[in-house]
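Asker: Structure in structure tokens, see below.
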Amino acid sequence: MLPLNRNQTQLFLAIALLVPVFMYWILQTDADQGSSDMPPITSGVDYFMKDVNVREFSATGHLVRTLNASELNHFPEKQGSALTTPKIALHRPGASRINFQSNKGFSSDTTQSLQLDEAVVVTHNSTNEAPTELTTSSLTLLHLEGIAKTDAPIEIRQKGHTTTATGMIINYNTGVSELLSDVKGTFYADQ
């Protein structure tokens, strides 16, 4: 073996001392990355989205429903998402589109339900010159059943005619509406 000069000896000793320190640092960093002591988020908002635009298609590729909202906040403990200014459009083959909108909404993760609250407006035949417009304070949409329902007071307006009631169930697949109580209507004859 060749004798080392003073500089080479110092370099060799420095490397010999620093290699274990670097190895410890590298191994410790890998161990920290592999184990996470952080529990999953179970309360509060775990994700959010702005300017949400969702489209749902049937198995045959036809547009079934669209949902737009200015904001979506997901709450894992509530198993759902709070929506700000949601707008929903139901596209039904061979029938006119139904539009729903409100100030607030809540979409469930576990069921196909959407709760609309505050200034709910439902418009049917929106392309018609005399669309039907329903207003209420809250409405629940059950998409799989094709049902929209509320226990709150409602008002239905079409071409100057007004109907009010408390509670309603609409089957938008069959087009049948049931007004539950306190039904009153004002109808104007064409002149």
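Asker: Are there any pairs, at least 6 apart or on different chains, whose C-beta atoms fall under 9 Å, with the first in segment 53-71 and over 17 Å from ALA95 (Cβ atoms) and the second assigned to a loop (DSSP other than H, G, I, E, B) and of a type in the set (Val, Ile, Thr), and if so, which?
Answerer: Once the first residue is over 17 Å from ALA95 (Cβ atoms) and sits in segment 53-71, its partners that are assigned to a loop (DSSP other than H, G, I, E, B) and of a type in the set (Val, Ile, Thr) give ASN68/THR85; ALA69/THR85; SER70/THR85; GLU71/THR85.
Asker: Restrict the check to segment 146-167 and report whether at least one residue is open to solvent by 50 Å² or more (accessible area, probe 1.4 Å) and either within 19 Å of VAL52 (Cα to Cα) or among the hydrophobic types (A, V, I, L, M, F, W, C) (or both).
Answerer: There is no residue in segment 146-167 that is open to solvent by 50 Å² or more (accessible area, probe 1.4 Å) and either within 19 Å of VAL52 (Cα to Cα) or among the hydrophobic types (A, V, I, L, M, F, W, C) (or both).
Asker: Could you pull out the residue among HIS91, HIS62 that is surrounded by 13 or more Cβ atoms within 10 Å (Cβ to Cβ) and farther than 23 Å from ILE154 by Cβ?
Answerer: HIS91
Asker: Charged (D, E, K, R) and under 23 Å from the mean Cα position of the chain (by Cα) - does that describe any residue in segment 113-129?
Answerer: Yes - at least one qualifying residue is present in segment 113-129.
Asker: Which residue is least open to solvent (accessible area, probe 1.4 Å), if the candidates are limited to segment 65-80 and must be under 14 Å from LEU141 (Cβ atoms) and not aliphatic (A, V, I, L, M)?
Answerer: Ranking the candidates gives GLY80 first.
Asker: Scan segment 13-42 residue by residue and report those that are in a loop (DSSP other than H, G, I, E, B) and either of a type in the set (A, V, I, L, M) or at pLDDT 70 or above (or both).
Answerer: The answer is MET38, ILE41.
Asker: Also: From the list ALA59, ALA82, ALA95, pick out the single residue that is hydrophobic (A, V, I, L, M, F, W, C), at pLDDT 85 or above and in a loop (DSSP other than H, G, I, E, B).
Answerer: The conditions single out ALA59.
Asker: Further question: I'd like to verify a number: residues in segment 170-180 that are assigned to a strand (DSSP E or B) and surrounded by 14 or more Cβ atoms within 10 Å (Cβ to Cβ), how many?
Answerer: 5
The values are calculated or read from the model by the stated rules, or taken from the named source; none is laboratory data. Please read these numbers as outputs of a predicted model, since none were measured by experiment. Because the Cβ atoms are built from the backbone with ideal geometry, glycine has one as well, and the counts that use them run over all protein chains shown. SASA here: full protein model, heavy atoms, side chains in, ligands and nucleic acids out. Shrake-Rupley method; radii C 1.70, N 1.55, O 1.52, S 1.80 Å.
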